[in-house]
1. Any idea how many residues of the range 78-95 are open to solvent by 20 Å² or more (accessible area, probe 1.4 Å) and in contact with a helix residue (DSSP H, G or I) (Cβ under 6 Å, 6 or more places away or on another chain)?
2. Consider only pairs whose beta carbons are under 7 Å apart and that are at least six residues apart or on different chains; among these, list those whose first residue lies in the range 367-382 and is over 12 Å from Pro432 (Cβ atoms) and in a helix (DSSP H, G or I) and whose second residue is open to solvent by 50 Å² or more (accessible area, probe 1.4 Å) and not aliphatic (A, V, I, L, M).
3. Tell me the residue from Ser345, Ser300 that is surrounded by fewer than 22 Cβ atoms within 10 Å (Cβ to Cβ) and closer than 25 Å to Ala414 by Cβ, please.
4. Suppose the filter is of a type in the set (Gly, Ala, Ser), part of a helix (DSSP H, G or I) and over 30 Å from Ala57 (Cβ atoms); does Gly363 pass it?
5. Counting just the residues of the range 71-129 that are of a type in the set (D, E, K, R) and not in a loop (DSSP other than H, G, I, E, B), which one comes out farthest from Ala169 (Cα to Cα)?
6. Restricting to helices (runs of 4 or more DSSP H) lying wholly in the range 167-268: which have 3 or more residues that are more than 23 Å from Met446 (Cβ to Cβ) and in contact (Cβ under 8 Å) with a residue 12 or more places away in the chain?
7. Could you name every one of the helices (runs of 4 or more DSSP H) located completely within the range 425-499 that has at least 3 residues being touching a residue at least 40 places away in the same chain (Cβ under 8 Å), more than 30 Å from Trp249 (Cα to Cα) and open to solvent by less than 40 Å² (accessible area, probe 1.4 Å)?
8. Please tell me if Glu126 is open to solvent by 10 Å² or more (accessible area, probe 1.4 Å) and either on the phi > 0 side of the Ramachandran plot or touching a Ser or Thr at 6+ places or on another chain (Cβ under 7 Å) (or both).
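The values are calculated or read from the model by the stated rules, or taken from the named source; none is laboratory data. Predicted, not measured: the structure shown is a model, and the values here were computed from it. Backbone-built Cβ (ideal geometry, glycine too); neighbour counts: all protein chains shown. With ligands, DNA and RNA removed, areas are computed over all heavy atoms of the protein, side chains included. Shrake-Rupley method; radii C 1.70, N 1.55, O 1.52, S 1.80 Å.
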Amino acid sequence: MSASKLQDDRDSIAKDRVDSVASPAPLQGARIEETIYNAELKEAIDNTRLDPFSRRAISLYFICIVGFLNAVSSGFDGSLMGGINAMPQYLNFFGYKEVGASTGIVFLIYVAGNCAGAFFAGPATERFGRRAGMFIGGSIVLLGASIVTAAQNRSMFLGGRFTLGFGIAISTTAAPTWVTELAPAHWRGRLGAMYNSCFFIGSIPATGVMVGTQEMNSTWAWRLPLILQVVPPTIVMTCILFCPESPRWLVSRGRVDEARAVMIKYHSNDGKTNPLIELQLREFQEMIEVRKMEPVWDYSALVETANARWRLLALSLMCINGQLAGNGLITYFLPTVFKNAGVTSTHTQLVYNFVNNILSAFGAFSGALVTDRLNRRPRLYIGSFVLASMLSIVAALSSKYGQPGNTNTNGANATITFIFLFGIVYAFVYTPLQALYCAEVMSQKMRSKGMAVHILISNCAGFINTFANSVGLERWGYKYYFVFVVWNVCACILWFLFCVETRGRTLEELDEVFNQPWPAMASARKRKVVIKEEGDREIVQVLDDDSKVSSA
């Protein structure tokens, strides 16, 4: 179907559409077609039944895996330091303690590198494209991995950590944007959610390797896991040269024919255009200004309108709440948390760390698979309350069964069980959405720079997950957990009041939602498409979810 034919069909339907405000009375004898968010998107999807097992779809999955490997790289590093920090070989070589200010600086310097890289990530991915952003970020990660592996003193190790953080910021800004923009509109949730869930594809081998290398009586106990960080970025840099660029980025540069060719290749069953492709292209062209390129260092688009400020608020909520849910305790200081629960053996701590990552991976991928079925808003505010409850139980059990000399193994095992459950719930609620939701709430004009701000805000909040956690755990032990219990309760309230529902809407259709006085509440309203046949005509009425419709 051509774009002009598709538009003619829509114009014809529009002539018969009855506005629900102007004509609130229901259509007697009408049938309810389906409860949906975006009627136009549903129409395009119904007319374009993409085969998820076609050769073209499978090719798209393999291409997205290249983007996923950037999350693998991030997961590898994040889990490495938590385990290495429990190794006597590492602590003795550099003269560190497992917790405290000096150890906090080791984690904090990575965050500083992330923050510095975030300022370059947006302009790099906007100017040169999403693929170039991943290549540049991967190159810097390779350099950082080489430095930390060869480190002979604290200064060299800290310099490598900063370099790693800088590179990861660029690659993890470009990659989720690329995956989200490359995916068909109705597959975006699943593919986008799978991106961040791949964090655990990196963390599982990282923690597994350390279980074995911990037995080495040399610095290779921690150097060997560190050198393995070069694997994911090497694969990304090699494969990205053969992958397509984001269609949205191509349209933003006036290369519409190239964008259409990419979408036809991966968003169709027969190599021809279809209603879904034309709908997305039309929305791209309506939203994107291609007359001139805005200055790459200009971030004013993020705050210049009420629409933009609401979008930035939604992004900030995910960045802050996702970092302050208590996940930093699990990611960076899990061996210490296990020690608070009564587990004193370093080997056992690392084994439990490995097990936790496997269980969390189960939670993350389960969450990713249902991302297109579960609404974001209730998932986040209910999930925050559950996390607060879980962490309260962990703190209570640790206070009773984690003390030195405790002989109640059942109590200690219960504590460990709830630590595992906390990790699973967090991975289910937040991990699939952290990158996806931030990309969804950004408009095309804001997206690449918004994702860079996402990295910046996340790492500012991550200061608590690194330096503050190290100091807090040293001074207060399990009592420090209640800081995150309180925040999760606050997050529950914030998500309920300000979270904008994005499921079931194209990225561009969300612009209408963010133009409402209170986008969060406006986004929670569904619409019903009601159809009544009159002669050879079909009268279409779009009603809010609180409207009543009589059906025959």
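1. 1
2. Qualifying pairs under 7 Å: Tyr381/Phe496.
3. Ser345
4. no
5. Among residues in the range 71-129 that are of a type in the set (D, E, K, R) and not in a loop (DSSP other than H, G, I, E, B), the one farthest from Ala169 (Cα to Cα) is Arg127.
6. Details: elements: 188-197, 199-213, 220-227, 231-239, 247-252, 256-266.
The qualifying helices (runs of 4 or more DSSP H) are 188-197, 199-213, 220-227, 231-239, 256-266.
7. The qualifying helices (runs of 4 or more DSSP H) are 469-476, 481-498.
8. yes
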